[in-house]
Each structure stands twice: as structure tokens, then as C-alpha cells.
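To start, the structure itself, in C-alpha cells.
The values are calculated or read from the model by the stated rules, or taken from the named source; none is laboratory data. Note that the structure is predicted; figures quoted are calculated from it, not measured. Please note: Cβ atoms are built from the backbone with ideal geometry, for glycine as well, and neighbour counts cover all protein chains shown.
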Amino acid sequence: MAVHMAVKLDLVDALSAADGHTLTADELAVKVVKAEDKAESAALISCILRFLMSFDVVSCSTKKGPGSAVLWRYSLAPRCWWFTMNNGEGSLGPVAVFDVDEPTALGGTPAYNYFRKNPRLSTLFDQAMAHQSLLVIRKLLEHPKVFDSIEVIVDVGGGTGATLALIRGRYKHIKGINMDLAHVISEAPSLKELFYGVVHVAGEMFGSVPSGDAVLMKWMLHMQSDEECMMILKNCHKALPDNGR
């Protein structure tokens, strides 16, 4: 919950933007809080950051202030890099926000059914998956043998196509088919130059999967029952040639 609040209040990015300089809770309150009562906000920010300090998520140093006061000054610890949004290489920040909001919001309703009716949560989920994918796919791209002999790759549940755009950015001979639900595909930026070579297909993975040389799924099956997983995997198998992946 503390990481969730630090990300949601933009504390992590404010510390990151400080470029190594330390900030007090009062200074952070000025940067990220719109409310008039900065003092109360600073006290809450201090509680969040001191808790995160105990887990080495942020670093803290003390300095003597006016009179007998002690100033607590905060900066990012190395592991906090994973939660920043301004590093340009992916982030776990949106995942931290979604993982806290999601269980309460769903209330037992199957996730994808709920997303159809709740654009705010759907967008939050898509952002979380896209940023998390950046972290993983950038590492995968460093191993060209993974993509040997692949001409068409299908990303099942690929969101708005960010993963396939990254793959095509490195391996331009590969055609990408991005499959997701209709309300997700409607937000896909198909006209942007980065997404040329990526075809967006609206569909249900429980029905069928587009054909390709390889099928990619990221953080999909854990949200399904065993029976649903079997159905999805069988559809993926049908979509692949004998030497498919």
C-alpha cells in the first residue's frame, strides 16, 4: 500500500526528477500536493517515505534544521527505479497502482467482463500491462535467436500493441498481429509510424486465435480457470504450424 500511495501521489517521480538531490517531505508536498494544507500533507508524505525507507525503497539522510529540529531528506534507493515513470524503459508503478485497486473494484466479477463496463479501470490495466511488458520485452530483444525463423507473431491479449511495436522496431521483417478485446483494440494507435506492420484484430481468445509462426502471451493465464486455460492453449495450438512456437 505504501508503494501504491507513493506512485499514485507522484512521490517516486518527484524524487526521480530531483536527479540525485534530496528532498524533504515539505518540499515534496509543494511539488505534488494541490491541497492548501501543505503541512498536513507533508506529515502524511513523511509517514509513507519513512515506511518505504525501512524496506530500502527510498534512502534518507538527516540534517540539523532551525533550532533543535531535524530535517529528514529523501532520495531514491536503487530498487525504487523500477517504480519510476520517467525513465522511458518501462515501470512497475502502474502495476503497483492497479494491483491495489483491482481486487476491491472487481468484487468477484470476471476481470475482462468488468473492464468492458469500466473504461477507467480498463485503461489502468492496459497501462500496467504495457509498462510491465517494456521491462521484459527489452531484455528479450537482446536475444535474436528467439526470433529466428519467425515471420508472423501473434500477441494474444496484446493490449494496444506496444509489445509488437517494440519487436518490429528491432526485427522489421516480422509482421505482428495484435489480438485483444474490441474495446481495447479501439484505442490502438494503428496509424502511428511506430505501429506500421502491426495489424490489430478484435476477438475473443476463447473462440479462436489468428494464425502465425509464434504466439505470445504475457500475464494472461493466471487470470483464468484451469478449464479456460486449456481452451486458450488449444486455440493457440490450432493457430500454429507444426514447427510453431
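For the reader, a short list of remarks on this structure follows.
- A single member of K234, K218, K238 is surrounded by 15 or more Cβ atoms within 10 Å (Cβ to Cβ) and of a type outside the set (S, T, Y), and it is K218.
- M205 more than 21 Å from the chain's Cα centre (by Cα) and within 17 Å of F125 (Cβ to Cβ): yes
- As for the stretch 70-87, it holds at least one residue that is more than 20 Å from D13 (Cα to Cα), modelled with pLDDT of 70 or more and touching a strand residue (DSSP E or B) at 6+ places or on another chain (Cβ under 9 Å).
- Cross-chain or 6+ apart pairs with Cβ under 9 Å, the stretch 12-24 first and assigned by TED's automatic domain parsing to the domain that holds I48, then of a type in the set (V, I, T) and outside any loop (DSSP other than H, G, I, E, B): V12/V3; V12/V58; D13/V7; D13/V32; A14/V32; L15/V58
- In the set (1) at pLDDT 80 or above; (2) in contact with a strand residue (DSSP E or B) (Cβ under 7 Å, 6 or more places away or on another chain), the condition left unmet by K64 is number (1).
Residues are listed down the side, and each one gets a yes or a no for (1) under 21 Å from the mean Cα position of the chain (by Cα); (2) more than 29 Å from K8 (Cα to Cα):
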| position | (1), (2) |
| --- | --- |
| A128 | yes, no |
| K139 | yes, no |
| K145 | no, yes |
| S149 | no, yes |
| A162 | yes, no |
| L166 | yes, no |
| H173 | no, yes |
| N178 | yes, yes |
| P189 | yes, no |
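- Matching residues, the stretch 157-185, being out of contact with any helix residue (DSSP H, G or I) (no Cβ under 7 Å at 6 or more places or on another chain), under 17 Å from C236 (Cα atoms) and outside any loop (DSSP other than H, G, I, E, B): I177, M179, D180
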